1. For the range A:52-64, does any single residue satisfy the condition of being touching a residue at least 40 places away in the same chain (Cβ under 8 Å) and within 14 Å of chain B (Cβ to nearest Cβ)?
2. Taking the options B:Asp59, B:Asp49, name whichever one is without any contact (Cβ under 8 Å) to a residue 40 or more places away in the chain and within 10 Å of the chain's Cα centre (by Cα).
3. Just for the range A:9-34: of the residues that are in contact with a Pro (Cβ under 9 Å, 6 or more places away or on another chain) and either of a type outside the set (Lys, Arg) or without any contact (Cβ under 8 Å) to a residue 24 or more places away in the chain (or both), which one is surrounded by the most Cβ atoms within 10 Å (Cβ to Cβ)?
4. Considering each of A:Gln6, A:Gln44, A:Gln37 in turn, give the residue that is open to solvent by less than 40 Å² (accessible area, probe 1.4 Å), modelled with pLDDT of 95 or more, within 25 Å of B:Phe33 (Cβ to Cβ) and in contact with a strand residue (DSSP E or B) (Cβ under 6 Å, 6 or more places away or on another chain).
5. Could you please find all residues in the range B:87-111 being open to solvent by less than 10 Å² (accessible area, probe 1.4 Å), more than 10 Å from chain A (Cβ to nearest Cβ) and under 26 Å from A:Thr31 (Cβ atoms)?
6. Find the residue count for the range A:73-110, including only residues that are of a type in the set (Val, Ile, Thr) and touching a Gly at 6+ places or on another chain (Cβ under 8 Å).
7. Counting only residues that are open to solvent by 20 Å² or more (accessible area, probe 1.4 Å), under 19 Å from A:Trp97 (Cα atoms) and at pLDDT 95 or above, how many does the range A:55-68 have?
8. Inside the range B:16-34, can you point out the residues that are exposed (fewer than 13 other Cβ atoms within 10 Å of the Cβ) and not hydroxyl-bearing (Ser, Thr, Tyr)?
Amino acid sequence: DAGVTQSPTHLIKTRGQQVTLRCSPKSGHDTVSWYQQALGQGPQFIFQYYEEEERQRGNFPDRFSGHQFPNYSSELNVNALLLGDSALYLCASLTAWGYGYTFGSGTRLTVV
Amino acid sequence: GENVEQHPSTLSVQEGDSAVIKCTYSDSASNYFPWYKQELGKGPQLIIDIRSNVGEKKDQRIAVTLNKTAKHFSLHITETQPEDSAVYFCAASTGTYKYIFGTGTRLKVLA
């Protein structure tokens, strides 16, 4: 049973560019959340998607946007990249009213 | 605002000894407290969780305790093994939406 899969695993972008990260949730899961993990820190909640709608959002600017597709997969888009956006971006999934996210291995984004 | 404090930031124990990691949360509405283990190059893995209507939960060598009055919860690992070496994160949640994570504890089990 495949868990949460994310692509790409690593990415290098230039300041000001835009990036799209992709996530496929664990089989049976319909809710996807995105977290940002800076080096040496705990993950920080960006937003959650359920039924193709953003259900809740953390304290992140509008440069961060997302999308959920009918097959429950999701994308995270970041516009106008800043050096401070360099981090590990984690996708996590669960069932709509379940507990205990399953996390993917993340996408390491480096902004230069 | 919402906050979870986690201590210690690093912990070294001898193989076979016990390890304890403590967290304190600020939002009294928090009702779900998961613990995650993160190994190098991997995403966090859920190892145990507890809900607010339970004071203690155990799973083999791992246990979690919750004190709602003091807003404290702790992870206890007994008979530590080298493969327990990793970064451990506590988190608190008021539902199924966002988790507020602690800053992590790097556990080293010395053989």
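1. The answer is no; no qualifying residue exists.
2. From the options B:Asp59, B:Asp49, the qualifying one is B:Asp49.
3. Going through the qualifying residues, I end up with A:Val32.
4. Criteria check complete, one pass: A:Gln37.
5. B:Tyr88, B:Ala92
6. 2
7. Counting residues in the range A:55-68 that are open to solvent by 20 Å² or more (accessible area, probe 1.4 Å), under 19 Å from A:Trp97 (Cα atoms) and at pLDDT 95 or above gives 0.
8. B:Gly16, B:Ala29
The values are calculated or read from the model by the stated rules, or taken from the named source; none is laboratory data. Small disclaimer: the values here were computed from a predicted structure and weren't measured. Positions of Cβ are generated from backbone atoms using ideal geometry, with glycine treated the same way; all protein chains shown enter the neighbour counts. These area figures cover heavy atoms from the full protein model, side chains too; ligands, DNA and RNA do not enter into them. Shrake-Rupley method; radii C 1.70, N 1.55, O 1.52, S 1.80 Å.
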